Every structure is written in C-alpha cells, then in structure tokens.
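What follows is a single structure, written as structure tokens, with notes after it.
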Amino acid sequence: MPRRRSPRIIALFILASLTTAAFIWVAVPVARGVIHDFGVRDNRAEVAWRSVVPEFGDARGCARCHTAERDRLHSAQHDGIGCQSCHGALAAHEEHPNIGVRTPTSGVCLTCHFEVEAQPITLRTIIPAKHYISTCLACHDPHTSVAKRPPVVSHPLTDLPACITCHGPGTFRQRSIRHPDVTKQADESCLQCHKAGSGPGMEATNG
C-alpha cells in the first residue's frame, strides 16, 4: 500500500512553491529596471556621468596660484583642511580665475569652532555670545586661525571728531574691508577693541 504524505509536508511544499514564485515575480521586474536605469548592458550611464559638470576642483589646484595662503596654512592649526571646506566648490574658479572665491562667513567658522561637549578637547572652540566680537574674520587670519590684535590708537583722542570721521569708508585712513561696520557706533565701541597707547599727548586720554 503506498505511503500517504503528511498534510503538514504538503502544506510546506505548497508554501515553498508560492514563495519561490513570488520572489521570481518581484525579482525579474527589479532586475529589468536596474538594467534599464543604470545601463548595465550599454554605456548610457557612462555618457550620463560625462555630461555632469563637476562643482569641486582639484584639491591641489589652489596651491598652484595661492602659494602664500598655502604656506601659512601648512604652518598652522588649519593644516590638512581643504580650501573647499571653507570656500565652497571651486571648480569654476579653477577653470576661470576671474570668477571670485566666496569669503567664509562666521557661520562657516562656527561649524567647527562652536563650543559643544562632543568637540575634541584640543580643538579651540567658543561660545559666540561670550566671545570678543561676533565677526570671526575681523580678528582671525582664516588660514592660520591666529587672532590679530587690533591696532593701538597712537594719537591723542581729546578734542577730535568721531573716529569714523577719519576711519570710515572712503576716508584717508579707512578701516580694513574685513572690519565690522561701525558707521553707526560711538567712539566707546571702537575703544573696546582699540586701546589707547602711550606717547606725546596721550596722558589726557589714558587718564
């Protein structure tokens, strides 16, 4: 008498057959889609990639022209940080030097230098509200991260007009282009950074 198969075995066999059929039903269209979209059988993908204009330039290209910045960078804490990390994509500038380079904002600086607990202890960080002033590049050389001390006032200040009379935009002794806008601020704001020095006639200023 032939041996009867267990209903459980038959059910497992049917389930396995249905699973295999479902896998084939799903896998075949997916494989066809991959071949169609990515050009596995032809060079359509290669042609598509060749038509994409690169935004980032060669990391070594900047140093071919900007040797002074390269030398300062290699001798400072910012050594190893690529130019495009701060200046953005530079492929267009590398190909056409007349296209300007974006000056980093304070927000770019704070990407690394904002004080949070996760930052390495060796990385210099700040809390902007407690820092000297809020404009990073007004004091810091971005290629070395070293802060430049504001020039000391070397002349008497008594009986003189407001600082911006001589040091405002378009004047004979105008401020640096990176200097914060002080056209609406009083002399007291200037003297928070620019300390009065010593010399003939400075005694009255220094009290």
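Computed over neighbours whose Cβ is under 15 Å from that of THR111, the net charge equals +1, Lys and Arg +1, Asp and Glu -1. Subtracting the Cα-Cα distance of ILE133 and THR105 from their residue separation scaled by 0.36 nm leaves 8.7 nm.
Close amide-amide hydrogen proximity is noted between ALA196 and VAL153, each under 5 Å apart and 5 or more residues distant or on a separate chain (H modeled in the peptide plane; Pro and chain starts excluded).
Taking a Cβ cut-off of under 12 Å around VAL101, the surrounding Lys, Arg, Asp and Glu residues balance to a net charge of -1, with basic ones at +1 and acidic ones at -1.
For ARG173 and THR67, compute 0.36 nm times the residue count separating them, minus their Cα-Cα distance, and round to one decimal in nm. Intermediate results must be reported in sequence, preceding the final value.
Numbers: separation 106, 0.36 × 106 = 38.16 nm, distance 2.93 nm.
Result: 35.2 nm gained on full extension.
In this rough spin-label picture, where each label sits 7 Å from Cα along the Cβ direction, the ARG149-ASP187 distance is 2.3 nm.
Values quoted throughout were computed directly from the atomic coordinates according to the rules given, and no laboratory measurement underlies them. Everything numeric in this text was worked out from a predicted model, so none of it was measured. A quick note on method: Cβ atoms are made from the backbone with ideal geometry, for glycine too, and the neighbour counts reach across all protein chains shown.
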